[in-house]
1. Within segment 127-148, take every residue that is among the charged types (D, E, K, R) and either touching a Leu at 6+ places or on another chain (Cβ under 8 Å) or modelled with pLDDT under 95 (or both) and give me the one that is surrounded by the fewest Cβ atoms within 10 Å (Cβ to Cβ).
2. (1) touching a residue at least 40 places away in the same chain (Cβ under 8 Å); (2) closer than 30 Å to Leu123 by Cα; (3) more than 27 Å from the chain's Cα centre (by Cα); (4) open to solvent by less than 30 Å² (accessible area, probe 1.4 Å): which one isn't true of Ile96, the others all being true?
3. So Asp263 clears everything in (1) more than 15 Å from the chain's Cα centre (by Cα); (2) within 16 Å of the ligand (Cβ to nearest atom) except one condition, right? Which one?
4. Give the residues of segment 301-349 that are within 16 Å of the ligand (Cβ to nearest atom) and at positive phi, sorted by residue number.
5. Do we have any residue at all in segment 177-199 that's within 16 Å of the ligand (Cβ to nearest atom) and either open to solvent by 30 Å² or more (accessible area, probe 1.4 Å) or out of contact with any Cys (no Cβ under 6 Å at 6 or more places or on another chain) (or both)?
Amino acid sequence: MLRVDRIWTGARIATLDPARPGLGIIESAALATRGGRIAWIGPTAEMPVFNAPERIDLEGRWVTPGLTDCHTHLVYAGNRAHEFELRLAGASYEAIARAGGGILSTVKATRAATEAELVEAALPRLDALIAEGVTGIEIKSGYGLDTDTEARQLRAARALGSLRPVTVATTFLGAHALPTEAEGDKDGYIARLCAQTLPAIAAEGLADAVDAFMEHIAFDGAQTARVFEVAKRLGLPVRLHADQLSNLGGAKLAARYGALSADHLEHTDEEGAAAMARAGTMAVLLPGAFYFIRETKLPPVELFRKHGVKIALATDSNPGSSPLTSLLLAMNMGATLFRLTVDEIIAGVTREAARALGWLGETGTLEVGKWCDLAIWDVERLAELPYRMGFNPLHKRVWRGQ
Ligand SMILES: [Zn+2]
């Protein structure tokens, strides 16, 4: 008799297995785990006889793959609530910037924080996501903008993964903004980043990928391409904050470098969407930022569907434009603001989010051999997940079989 560690029965499972139609649903299903991986999955009636020390009857609850938040800036110090308050009281962006606000205020606070302080500040945010069934998360740097602080942010992100039962992917985002000391010299900053910071980060194995913010208020296409060339040489995959506030051709540039994903994409045109489809570059949509900065231009979801660009959904959790630590609320916004379908939303925080991180071989769907990362829900139908606002129907979360 085959021995397994644990069996769940009486479940309705959305496997997200692409070999099955829709969300890959199996009714009256069972799942067995062994050594943290899925040992068996299928209809309970077809389950072989297992020797299992633990059997759990889920009484008809829904099971999905554990959720993945594939775009966050979770590690930073301080917050920007005061800036929010000033803006609501009528202060202009210029006045706030003059008072030391904006992204550079987060850079200042993050540079002053130790690794332990960064971890301590990020843990409640991570715990909020975990409480909603998140089993995997991507965390970017980008509030250091110097080698030491960028490395410290990424070490803090790695530390979070050892302190909590969650899988962490780290992304170096040194090309996020221009630090005060480099004022007026974007090319010089990018040159230093390419010659010193990024190679140092890669040598220490701190980053799983490299990202950049390509926008008028950040870096242009040529500067972004320089960063991507170095990433390529170092063997690191790339992703891009693209076409959020204007169309600088970010989607096309991301596609040209075979990026794992291009993110935001409110201003992406058809050429950009088609290039992404050809390159297999995914769209990561971030409705939290769209909502918080009261953006009005919608990402071209129809074009992504038309060209077959795969879509993921994430919180973009960050102190400036998306202080959001609820992936469930991001799912609701994906429906209400971007008109994504329920199937697109569920896939967008499971299978497609895992694909955006290059994890799909290991997690993101419920198939034999993958990590047993599960979210078990107290809902009658999966549409309840994006339908509700501010309500968490998670029954249990399982990370690597536990
Ligand atoms: Zn972002």
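The values are calculated or read from the model by the stated rules, or taken from the named source; none is laboratory data. On a predicted model such as this, the values are computed, not experimentally measured, just so you know. Reconstructed Cβ throughout: ideal geometry from the backbone, glycine too, with neighbour counts over all protein chains shown. Quick note on the areas: whole protein, heavy atoms, side chains included, nothing else; ligands and nucleic acids left out. Shrake-Rupley method; radii C 1.70, N 1.55, O 1.52, S 1.80 Å.
1. Of all residues in segment 127-148, those among the charged types (D, E, K, R) come to 127, 132, 138, 140, 146, 148.
From the residues that got through so far, the ones that are either touching a Leu at 6+ places or on another chain (Cβ under 8 Å) or modelled with pLDDT under 95 (or both) too are 132, 138, 140.
Working: Glu132: 22, Glu138: 28, Lys140: 31.
If we take residues in segment 127-148 being among the charged types (D, E, K, R) and either touching a Leu at 6+ places or on another chain (Cβ under 8 Å) or modelled with pLDDT under 95 (or both), then Glu132 is surrounded by the fewest Cβ atoms within 10 Å (Cβ to Cβ).
2. Exception for Ile96: condition (1).
3. Among (1) more than 15 Å from the chain's Cα centre (by Cα); (2) within 16 Å of the ligand (Cβ to nearest atom), the lone unmet condition for Asp263 is (1).
4. The answer is Asp316, and nothing else.
5. Step one: filter segment 177-199 for residues within 16 Å of the ligand (Cβ to nearest atom), giving 177.
This time we only want the ones that are either open to solvent by 30 Å² or more (accessible area, probe 1.4 Å) or out of contact with any Cys (no Cβ under 6 Å at 6 or more places or on another chain) (or both), so: 177.
Within segment 177-199, one or more residues are within 16 Å of the ligand (Cβ to nearest atom) and either open to solvent by 30 Å² or more (accessible area, probe 1.4 Å) or out of contact with any Cys (no Cβ under 6 Å at 6 or more places or on another chain) (or both).
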